Structure formats: C-alpha cells, structure tokens
Amino acid sequence: MSMTRTLSEHDIEHLTDRIEAAQLGAKAISKLTDDYPGMTLGDGYTVQLALLKRWLAKGRRQVGWKAGLTSKAKMDQMGVRVPTIGFLLADMFRAEGTSVTTQDLVHPRVECEIAFVTNTPLSGPNCTADAVMAATDFVVPAIEIIDSRFSGFKFDLQSVVADNSSSARYATGGRARLPKDVDLSCLGVVLEKNGEPLAMAASAAVMGHPAEGVAMLVNVLHELGMDLPAGSFVMSGAITEAFAVQPGDFICARFQELGST
Ligand code: 0L1
Ligand code: MG
C-alpha cells in the first residue's frame, strides 16, 4: 500500500482532531476512509505523527514504538496483510500487578508480546533481525492492551495506522534477559484470563522471530524519515491474537525463560 501522502494539511488536522477526541473521550468513531475513501497508508501515518507531535507539545513523553499486526493470527483476526507501527508514551505504561482502569478505553483487548530495549541506534532501509539483536540491551515479557477506537472494529489499515495502531496501555514484568541468553525464535507463552488459558503460542508467530518485527518497524520508521534511537523500548508484536477483557478480569502471560507478567 502506498506511503504517498495525498490529503491536504487541513484534512490531516481534521482527522487528527477526530482521533484525538476519540482517544481522549473513549468514544468509538467510524473508520476514517468512510469520509476519505482515497486516503493512503502514508496519510494514515501522517495523522499518527501529527497526533504524536500534539501529545509531545502537551508534555507527554515518548519511550519508543510498537510493531502491530505482525502475526498471522492477528492479521487473520483483523483481515489485513501488512504490519504497522505505533508510538508508545511513558504514561501508557501500567505496572505489573496493578489494576488497569477500562472506563477510559473503548474496546480493550489484551495480547502478549516480547519487548526489546535497545542500546545502539538502528536505522533502515534494510534493517535486519541480526542488527536488531546486536543493538538489543535486554528483552522483557509484556502485555499490550490495545484499544481500537473504531465502532464495531470496522476499520482498514489506513484508519488503524492513524489511530496509532490501536495503542493504549502496556505492562512489563517477569525477568529482563540478555538476548543471547534465550532462544527468542521459539519461546512458548500461555496467556491466561482468570486463571484459565486463553491461548498458547510460540514467539516464532511474530514474523518467524520477534526481532523481525523490530526490524520491520525500523524500516517503516526509515520510510517516514526517522531512526530508532538508542534506549528505545519496542514492543515486537503480538504472539497470539487479541482477547477482549471486562472489568474485574485478571490477565497473566506466562513466558518460557522470561517469567510472567
Ligand atoms: O498491536 C497490534 O497488533 C495493532 C493492532 C491494530 C488492530 C487492532 O486493533 O487489533
Ligand atoms: Mg500489539
């Protein structure tokens, strides 16, 4: 899908207003392509970056990025075929073992991921999983709480990207490990809700290796004119599909070698 930008400054501002209001008010909106059928993936990223600029201007702090729609299970679930990226802010973090309020979310769903923390800058094009592994300080298990702001989950890639790839909250836990000390290509994970297993999967579900999810992200950043700075926190993409949660649910992800969160 095209990264060319087609919408005017005015339209981008208008769509950024719509996404900002939906995120702040936890109000579902219709997908953006209903009103802008010619919108491209590049327009979706232009809205996402305009939103990031607004939040940073308001004093929110970026800690890194997330890769989205990186597994076949997630792509099949959402009916799309292209992975995406989204930004992560410090105030989206929730500490392990704490409750997460859902009144300020529209359709909260959980998925388990491996998060990478880098100690060397990475840049595209042609960033590889090997380059990501070499630039990784440590990995930690994580749960992402995604929240699509689109009514009835009716969206397309352009709309999801504008909505920051459904980013909402994330929690880390377990044990931080050096990437060389674990075989990241085949780590098992069990996602549990209220003590019952919801899904079991292996980390290879993320594009064959979770570092591939991070490499994809770096290459998309390059297309958007950016690099990944050292010290970035990067969620590499969901290993399982996403599961809806209700207030009162207890969610736990148990990772082989990395502990649970
Ligand atoms: O984290 C992700 O995989 C992004 C998901 C975007 C679509 C959705 O809301 O499921
Ligand atoms: Mg995710």
Could you list, ordered by first residue, the pairs with Cβ atoms under 6 Å in which the first is in segment 191-218 and assigned to a strand (DSSP E or B) and the second is of a type in the set (Asp, Glu), at least 6 apart or interchain?
Lys193/Asp249
Has segment 115-136 got any residue that is under 17 Å from the mean Cα position of the chain (by Cα) and assigned to a loop (DSSP other than H, G, I, E, B)?
no
Members of segment 235-256 found to be in a loop (DSSP other than H, G, I, E, B) and surrounded by fewer than 16 Cβ atoms within 10 Å (Cβ to Cβ), listed by number:
Gln246, Pro247, Gly248, Asp249, Phe250, Gln256
Out of the residues in segment 28-78 meeting the condition of being within 16 Å of ligand 2 (Cβ to nearest atom) and exposed (fewer than 14 other Cβ atoms within 10 Å of the Cβ), tell me which one is farthest from Ala244 (Cα to Cα).
Lys72
Regarding Gln23, is this residue at pLDDT below 95 and of a type outside the set (Asp, Glu)?
no
Among the residues of segment 219-234, is any in contact (Cβ under 8 Å) with a residue 12 or more places away in the chain, surrounded by 20 or more Cβ atoms within 10 Å (Cβ to Cβ), under 16 Å from Leu184 (Cα atoms) and within 13 Å of ligand 1 (Cβ to nearest atom)?
yes
Those residues of segment 29-77 which are part of a helix (DSSP H, G or I), within 13 Å of the chain's Cα centre (by Cα) and either more than 16 Å from ligand 1 (Cβ to nearest atom) or of a type in the set (S, T, N, Q) (or both), in sequence order:
Gln48
Can you tell me which of Lys58, Lys31, Lys53 is of a type in the set (D, E, K, R) and under 14 Å from Asn164 (Cβ atoms)?
Lys53
For segment 148-190, what are the residues that are more than 16 Å from ligand 1 (Cβ to nearest atom) and assigned to a loop (DSSP other than H, G, I, E, B)?
Gly173, Gly174, Arg175, Ala176, Leu178, Val182, Asp183, Leu187
For segment 175-197, enumerate the residues that are buried (at least 17 other Cβ atoms within 10 Å of the Cβ), over 15 Å from Ser260 (Cα atoms) and under 20 Å from the mean Cα position of the chain (by Cα).
Leu184
Given the conditions (1) closer than 16 Å to Gly86 by Cα; (2) without any contact (Cβ under 8 Å) to a residue 40 or more places away in the chain; (3) in contact with a strand residue (DSSP E or B) (Cβ under 9 Å, 6 or more places away or on another chain), every one holds for Cys186 apart from (1)
Flag if Leu105 is part of a loop (DSSP other than H, G, I, E, B) and either within 12 Å of ligand 1 (Cβ to nearest atom) or among the aromatic types (Phe, Trp, Tyr) (or both)
yes
Matching residues in segment 1-27 - criterion: being surrounded by 15 or more Cβ atoms within 10 Å (Cβ to Cβ), of a type outside the set (Val, Ile, Thr) and within 30 Å of Thr101 (Cα to Cα):
His14, Leu15, Arg18, Glu20, Ala22, Gln23, Ala26
I'm trying to understand the selection: among the residues of segment 78-99, which are touching a Gly at 6+ places or on another chain (Cβ under 8 Å), of a type in the set (Val, Ile, Thr) and away from ligand 1 (no atom under 16 Å from the Cβ)?
none
Any pair with Cβ under 9 angstrom, 6 or more apart, that starts in segment 74-94 at a residue that is free of Cβ contacts under 8 Å to residues at least 12 places away in the same chain and ends at one that is among the hydroxyl-bearing types (Ser, Thr, Tyr):
none
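The values are calculated or read from the model by the stated rules, or taken from the named source; none is laboratory data. Nothing here was measured: the structure is a model prediction, and the numbers come from that model. All Cβ positions, even for glycine, are placed from backbone atoms using ideal geometry, and neighbour counts span all protein chains on display.
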